[in-house]
Structure formats: structure tokens, C-alpha cells
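Shown next, in C-alpha cells, is the structure this report addresses.
Every number here is computed from the coordinates shown, using simple stated rules; none is lab data. Because the structure is a prediction, the values reported are computed rather than measured. Glycine gets a Cβ as well: all are built from the backbone with ideal geometry, and neighbour counts include every protein chain shown.
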């Protein structure tokens with residue numbers, strides 16, 4: 001029996017500090033690594049090439065970068081991994097074991113920080129995912145190639161590209177929420193605090209569901225900074 005091929009797509013922008021861990025975790029089971037760089041000024045691209053990844057260039061927009069990476073990828077499964085997130089060992093076996101009706105899904109979120117606050121947030125994310133069927137991109141979304149194409153793939157949005165995509169993907173069939181973890185950086189929480197980051201994220205989600213365009217939400221969501229979606233950053237959400 002031929003195993004399903006897995007392509008891991010990683011959007012990147014100035015992530016040389018955290019990218020190596022993401023690449024190392026993906027290499028465990030990926031048949032192909034695709035890093036789509038949005039104009040890094042650090043050593044991210046070189047690190048990705050040294051890890052054996054195909055490195056592509058695209059304008060800095062997570063939705064657009066993910067779309068470019070998916071178009072180049074050749075796997076039966078497409079897994080979309082943030083550059084500051086690493087996958088727990090054993091992830092590839094869990095993904096390949098999913099039954100044919102499942103068209104996609106996400107992993108469980110874990111935050112790379114000690115304390116009760118991150119644990120509380122992880123539980124909230126788990127409830128949101130399972131009750132509302134709404135995972136975010138930092139949970140390492142995945143989709144069968146056929147379902148990704150049928151859903152129309154990621155749109156080149158500056159924000160909320162994950163929510164937009166999942167809404168279309170779940171129309172193609174059932175999604176799976178794997179217990180294996182996607183361990184993501186806590187830098188957003190360190191910057192805004194647990195309550196501030198959570199309220200900020202829910203406010204943006206509410207505005208998006210009410211019809212506010214992603215272009216307008218960019219200005220609401222973040223101000224220019226090394227960690228946000230300013231001139232040199234990527235978006236981060238956890239709850």
C-alpha cells in the first residue's frame with residue numbers, strides 16, 4: 001500500500017530564530033517542505049534551503065504566501081505550518097491514519113509557555129475548535145489536495161485567511177481535530193497579555209463575521225511592530 005504524500009507549507013517573514021524548530025518538526029514525516037518567504041531580511045531563506053526546503057518568494061501576506069506554496073506543493077495532503085510553530089512527534093502517522101471521508105482538520109494548540117494562563121487558553125481554543133468547528137492557522141491546518149482545490153484554496157487575504165478557508169473547506173466533508181499538538185510561540189501573549197490578546201482576537205473575529213473586510217481589519221488588529229503584521233511581521237492569533 002502506497003502511503004499518502006505530505007507537503008508542509010510554511011509562510012515566513014524574518015523568522016530565523018524560530019523557523020529551524022518548525023522545519024525540524026516537519027521533516028519527521030513530510031515528503032516535501034515548501035517555505036514561502038515574504039521578503040525576509042534575516043537568514044530565514046538560507047536556513048530553509050539548508051533544511052532541504054523549496055524556497056519561494058511572494059508578497060508579504062499570509063493568505064497569499066500560503067496560496068503560492070499550495071500551488072507549488074505536490075502532496076496528497078497539504079499541511080500549513082506557521083514558522084513559529086512546531087509539530088509534536090508522531091504527527092505524520094496520525095495524519096496518514098485518517099479515514100477517507102475526512103477532508104481536513106487541525107491539530108491541538110499548545111502554547112510554549114508555563115503557567116495557568118496558557119493552559120486556560122489552550123482549553124478555550126479546544127472548546128472553540130470542537131464546538132464551533134473553527135480552528136485557527138496556528139493549529140497547523142491540513143487538507144487533502146482534492147478538498148483544498150475543491151474549496152478554492154487560501155485566498156490572498158491580509159488577515160482572517162484561516163477562518164475564510166476553513167469555512168469553505170468544511171463544506172467539502174468532515175474535518176478532524178487531532179490530539180497531537182502544534183506547539184506555538186507565546187510571543188503575542190508576552191506582548192499583549194492573556195486578556196488583552198484574547199479580547200483583541202475575539203473583537204477582530206466578531207467584526208469579520210459582521211462583514212468588515214480583512215483589509216480594514218488589518219488596521220484594527222495590529223500596529224507595525226517586529227511581532228505583528230506591520231511592515232516586517234506576520235499575524236499571530238491564539239484564541
Spacing of the two label points (7 Å from each Cα toward its C-beta) at residue 71 and residue 155, in nm: 1.7
Alpha-carbon gyration tensor eigenvalues x 5, square-rooted, for segment 6-189, Å: 22, 20, 16
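What does the extension gain come out to for residue 97 and residue 209, with contour length at 0.36 nm per residue minus their alpha carbon separation?
Answer, rounded to one decimal: 37.0 nm.
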Distance in nm between pseudo-label sites at residue 130 and residue 146 (7 Å out along the Cβ direction from Cα): 3.0
Sites residue 3 and residue 24, calculated FRET efficiency, Cβ-Cβ separation with R0 22 Å, nearest 0.05: 0.60
Burial order of peptide ranges 54-65, 90-101 (average beta-carbon count within 10 Å, highest first): 54-65, 90-101
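Which peptide among 118-128, 142-152, 31-41, 165-175 comes first, and what is the full order, when sorted by highest mean count of other Cβ atoms within 10 Å?
Answer by packing, highest mean first, reads 31-41, 142-152, 165-175, 118-128.
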Segment residue 216-residue 49, length gained on full extension (0.36 nm per residue, minus Cα span): 56.6 nm
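Figure the gain on full extension for residue 113 and residue 168 (residue separation times 0.36 nm, minus the Cα-Cα span) and round it to one decimal in nm.
Taking residue 113 through residue 168 to full extension adds about 16.6 nm, to one decimal.
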